[in-house]
Amino acid sequence: MNEIIDKEELLTMEPKTIKKSIFRGTLKIEIHNLKNLIPFKNHPFTLYEGQRFTDMVESIRDNGVIVPIVVRPATEEGKYEILSGHNRVEAARIAGVDSVPAIVRTGLTEEEAMFIVTETNLMQRSFADLKHSERAVVLTTHYEAMKKKQGYRSDLIAEIEELSGAPMGHGVRTRDKIGEKYNLGKTTVARYLRINKLIPQLQERLDKGDIGMRVAEAVSFLKVENQNEIERELCKGRKINIKQASILKEESKNGELSKDSIIEIMNPTRTDLRIKPIKLSEQFLSKYFKPEQSTNEIEEIINKALENYFLSENS
């Protein structure tokens, strides 16, 4: 169990004892200069906006920061990297409050640090409120944890619950249970795991709706340099649809994707993007349709079925 040392106790301790206690557990301190706090590197969540953030600023202006933030020592002497509390720190700056309580967590791996970042954010927000790129980070973090033994990082989970005052009510789930937890199908979970492999610029386009989920998934299989080339083409005003993305993925798989082929595929005048006509067998059609149904009626039913299918795939 981690040991939490109060500020008053800290003041009575010798430096050597302090250092020893930090490595034995968790140190609770007061940070009096917010300039000594730096954001988590590549922090995947956006800060609050609008009324929610305004209310937080007013609350901190009146009462100060009540719930301690969670930090770890930064590489620069005397500074700390924020794991939990980015919104509180930003609101404190605006409110003119220059002192916050903090929990210093030492000896964390990068994986453990990211686990704390995602878990504490999920306590404060609904999964449905997250952007696609943020959901991808959350699900990937849980997926990586899932590959460990059951009960992975139970010490961190217990600590997060204790410090936040909000029980998580769950441990790390199996892959199927991750989907159940967020009310997502297996395909959607797998899709988000792929999306986390997109370059940041393409993730941002997904969040803004510039590219679709299935396009993002297909492009995520491409090498980083290929993704960068696609981003450059999109910056020129070009578009990319699922047909083009599928071709890019296939050519990349076959080792045939180059800068020139990317440009050619994303050129809307390319003719081989047209779907080749197919003939449905009588055996296939007889499974779903009656002999007296007309061709137009059959086509209309197939069209509606496909519309419903792709709608559910993109939801």
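Close Cβ contacts (under 7 Å, 6 or more residues apart or on different chains) running from residues in the stretch 223-243 that are of a type outside the set (Val, Ile, Thr) to residues that are open to solvent by less than 70 Å² (accessible area, probe 1.4 Å) and outside any helix (DSSP H, G or I) comprise Asn226/Leu257; Gln227/Leu198; Gln227/Ile199; Asn228/Ile199; Glu231/Ile199; Leu234/Ile240. Scanning the stretch 222-246 for residues that are open to solvent by 90 Å² or more (accessible area, probe 1.4 Å) and either at pLDDT below 90 or not in a helix (DSSP H, G or I) (or both) yields Lys223, Lys236, Lys239. Filtering the stretch 284-299 to residues that are surrounded by 10 or more Cβ atoms within 10 Å (Cβ to Cβ) and not in a helix (DSSP H, G or I) leaves Tyr288, Phe289, Gln293. Looking at Ile94, Ile160, Ile103, Ile116, just one residue is modelled with pLDDT under 70 and not polar (S, T, N, Q), and that residue is Ile160.
When the stretch 26-70 is filtered for residues that are open to solvent by less than 90 Å² (accessible area, probe 1.4 Å), among the polar types (S, T, N, Q) and assigned to a loop (DSSP other than H, G, I, E, B), the ones remaining, listed by number, are Asn33, Thr46.
Before we move on, is Glu217 open to solvent by less than 20 Å² (accessible area, probe 1.4 Å) and either part of a helix (DSSP H, G or I) or free of Cβ contacts under 8 Å to residues at least 60 places away in the same chain (or both)? Criteria not met by Glu217.
Conditions (1) within 19 Å of Leu47 (Cα to Cα); (2) in contact with a strand residue (DSSP E or B) (Cβ under 8 Å, 6 or more places away or on another chain), marked per residue:
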| site | (1), (2) |
| --- | --- |
| Val65 | yes, yes |
| Val71 | yes, yes |
| Ile82 | yes, yes |
| Gly85 | yes, yes |
| Arg88 | yes, yes |
| Arg93 | yes, no |
| Gly96 | yes, no |
| Leu108 | no, yes |
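In the stretch 98-121, what residues are without any contact (Cβ under 8 Å) to a residue 40 or more places away in the chain and buried (at least 18 other Cβ atoms within 10 Å of the Cβ)? Hit for the stretch 98-121 is Met114, nothing else.
For the stretch 247-265, a residue qualifies if it is of a type outside the set (D, E, K, R) and open to solvent by less than 60 Å² (accessible area, probe 1.4 Å), and the qualifying residues are Ile247, Leu248, Ser252, Leu257, Ser258, Ser261, Ile262, Ile263, Ile265.
The values are calculated or read from the model by the stated rules, or taken from the named source; none is laboratory data. Computed from a predicted structure; not experimentally measured. Glycine gets a Cβ as well: all are built from the backbone with ideal geometry, and neighbour counts include every protein chain shown. When the accessible area is computed, the model is the full protein with side chains, heavy atoms only, and any ligands, DNA or RNA have been set aside. Shrake-Rupley method; radii C 1.70, N 1.55, O 1.52, S 1.80 Å.
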